[in-house]
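The values are calculated or read from the model by the stated rules, or taken from the named source; none is laboratory data. For clarity, every value in this text was computed on a predicted model and none was experimentally measured. We place every Cβ from the backbone using ideal geometry, glycine too, and count neighbours over all the protein chains shown. Just so you know, the surface numbers come from the protein's heavy atoms only, side chains and all, with ligands and any DNA or RNA stripped out. Shrake-Rupley method; radii C 1.70, N 1.55, O 1.52, S 1.80 Å.
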Amino acid sequence: MAEPQPTGKQILGAPEIARSLFRIAHEIIERNRGLDDVVLLGIPSAGVPLAQRLSEALAHAAAEDARLAGIPGPERVPVGTLDITMYRDDLGRHPIRVPQPTRIPGETLEGRTVILVDDVLYSGRTIRAALDALGSIGRADAVQLAVLVDRGHRELPIRADYVGKNLPTARTEKVVVSLTELGAADDAVTIQASAFAAAEADEEATR
């Protein structure tokens with residue numbers, strides 16, 4: 001089913017999203033001194049295609065660095081998915097959630113740096129659930145977080161290591177990330193301020 005087209009003020013379009021991911025890719029390479037043992041895990045649903053795009057951006061950035069250094073480029077960073085459905089703290093209010101497969105490239109986290117990828121960072125509760133889900137699978141050497149948008153209003157002591165755009169918002173506003181992989185006509189980040197957004201503020205607070 002096609003994703004409904006968002007209305008509201010557009011904050012990022014396709015070119016800005018692409019540039020944000022490319023900048024994040026360079027930051028990841030610099031922080032980790034390369035890409036050895038790095039794995040990306042997208043949080044469904046929008047985090048999965050964003051992780052795939054980030055892997056492509058990392059491949060381009062690493063190839064560029066390798067070319068300048070006169071060395072072979074690294075292999076592409078593997079991408080997996082991390083389902084957090086059963087680790088959410090809002091199942092009592094929203095019990096009908098369909099779990100999605102968790103896929104860990106290489107089947108183990110030992111000795112690896114895991115970068116969680118999501119579209120919007122809000123209260124931090126989604127990431128807390130992701131950390132719990134990750135801990136049930138294994139013990140990574142390090143866990144980092146990359147998000148396309150950080151909209152503030154944190155309820156837990158969680159922060160992103162890599163942010164595409166910091167976006168101050170009101171709690172009654174809703175940030176919508178539309179991606180072509182999820183059925184949207186165009187890539188966009190829009191902000192909605194409406195009665196609909198206000199009515200869904202409680203649900204959005206679980207992000």
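A few comments on the model shown:
- Global dimensions of region 118-198 from alpha-carbon coordinates: Rg and Dmax equal 14.3, 44 Å.
- Neighbour-limited loop hits for trypsin sites (Lys or Arg not before Pro), region 12-72 (at most 10 other Cβ within 10 Å; DSSP other than H, G, I, E, B): 33
- Projecting label points 7 angstrom from Cα along Cα→Cβ for residue 108 and residue 180 puts them 3.9 nm apart.
- Of 170, 133, 146, the one that fluctuates the most in a GNM where the chain has Cα springs shorter than 10 Å: 170
- Share of carbon and sulfur in the accessible heavy-atom surface of region 14-170 [1.4 Å probe, %]: 51 percent
- Residue-normalised accessible area of the chain, given per residue in Å² at a 1.4 Å probe: 50 Å²
- Between 109, 82, 41, the Gaussian network model of the chain with springs among Cα atoms under 10 angstrom shows the greatest mean-square fluctuation at 109.
- Longest stretch of the chain clear of exposed loop sites (GluC sites (Glu not before Pro), DSSP loop, at most 16 other Cβ atoms within 10 Å, sites excluded): 1-74.
- For region 14-170, the orientation-averaged shadow of the C-alpha convex hull comes to 9.9 nm² (one quarter of the hull surface).
- At least 18 Å along the helix axis (C-alpha) and Kyte average at least 0.0, DSSP helices within the chain: 47-69, 125-137
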